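Written below as structure tokens is the structure these notes are about.
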Amino acid sequence: MYKITSADIQQHGLKATPQRLLMLKHIKKNKHISIEKLFKAVSAEFPSISLATVYKNIDALLSTGLIREVSIVGGKHVFEVAKGNHIHFVCTNCGNIVDILQPEKLVSDKVMKRLPGKAEAIELNIYGICDSCRHAD
Ligand SMILES: [Zn+2]
Ligand SMILES: [Zn+2]
């Protein structure tokens, strides 16, 4: 995966502050991270940062399209570095979220043909119990 640099942030008209770079680093490292966990991770390296600042910077980063928000039914919203269109498998036991790439290949032609327009993105979460949870008992 590519490395996020100051230039990526500046390209979107935002200042590449240490807080923003640190937030991006942790979002990338954790793949999918809630705001609370992100705040904890960033605070560990940047103790003076406030939760309000993290929220403000999340909004700024969302507006650049560098990151995106994923809604989880019955769970917290998580943030991820934007990459190609993909869907998610969410384990309802441990909360692990796994990316499933190329969803357009998974959605059947029957569904695609019934759309009242042309598909541009597929947002889908599949909920279940992951293999490591299933084999834990
Ligand atoms: Zn699990
Ligand atoms: Zn994802």
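The values are calculated or read from the model by the stated rules, or taken from the named source; none is laboratory data. Everything quoted here is computed from the prediction, not taken from an experiment. Ideal geometry is used to build each Cβ from the backbone, glycine not excepted, and the neighbour counts take in all protein chains shown.
Side notes on the structure shown:
- Count - residues of the stretch 53-67 that are surrounded by 15 or more Cβ atoms within 10 Å (Cβ to Cβ) and not hydroxyl-bearing (Ser, Thr, Tyr): 7
- Residue list for the stretch 42-89, restricted to those being within 15 Å of ligand 2 (Cβ to nearest atom) and among the polar types (S, T, N, Q): SER71, ASN85
- In the set (1) assigned to a loop (DSSP other than H, G, I, E, B); (2) surrounded by 15 or more Cβ atoms within 10 Å (Cβ to Cβ); (3) among the β-branched types (Val, Ile, Thr), VAL73 fails one condition alone, (2).
- Filtered by the rule that a residue be in a helix (DSSP H, G or I) and closer than 19 Å to LYS29 by Cβ, the stretch 39-63 gives PHE39, LYS40, ALA41, VAL42, SER43, ALA44, GLU45, VAL54, ASN57, ILE58, LEU61, LEU62.
- Scoring ILE4 on the criteria (1) in a helix (DSSP H, G or I); (2) touching a Lys or Arg at 6+ places or on another chain (Cβ under 7 Å) leaves a single failure, condition (1).
- Against the test of being within 29 Å of LYS3 (Cβ to Cβ), within 16 Å of ligand 1 (Cβ to nearest atom) and either part of a loop (DSSP other than H, G, I, E, B) or modelled with pLDDT under 95 (or both), the options ILE100, ILE122 yield a single qualifying residue, ILE100.
- Of all residues making up the stretch 77-96, the number that are more than 16 Å from ligand 1 (Cβ to nearest atom), assigned to a loop (DSSP other than H, G, I, E, B) and not hydrophobic (A, V, I, L, M, F, W, C): 4
Rundown of residues vs (1) out of contact with any strand residue (DSSP E or B) (no Cβ under 9 Å at 6 or more places or on another chain); (2) polar (S, T, N, Q); (3) surrounded by 17 or more Cβ atoms within 10 Å (Cβ to Cβ); (4) in contact (Cβ under 8 Å) with a residue 40 or more places away in the chain, yes/no style:
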residue	(1), (2), (3), (4)
ILE4	no, no, yes, yes
ALA7	yes, no, no, no
LEU21	yes, no, no, no
SER43	yes, yes, no, no
PHE46	yes, no, no, no
GLY84	no, no, no, no
THR92	no, yes, no, no
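- Test: residue in the stretch 24-34 that is within 16 Å of ligand 1 (Cβ to nearest atom) and of a type in the set (D, E, K, R): yes
- Yes/no for ILE27 being in contact with an Asp or Glu (Cβ under 7 Å, 6 or more places away or on another chain) and among the β-branched types (Val, Ile, Thr): yes
- Within the stretch 109-137, residues that are closer than 24 Å to SER71 by Cβ sit with their Cβ atoms under 8 Å from residues that are away from ligand 1 (no atom under 12 Å from the Cβ) and of a type in the set (Gly, Ala, Ser), at 6+ positions apart or across chains, in these pairs: MET112/ALA119; ASN125/SER71.
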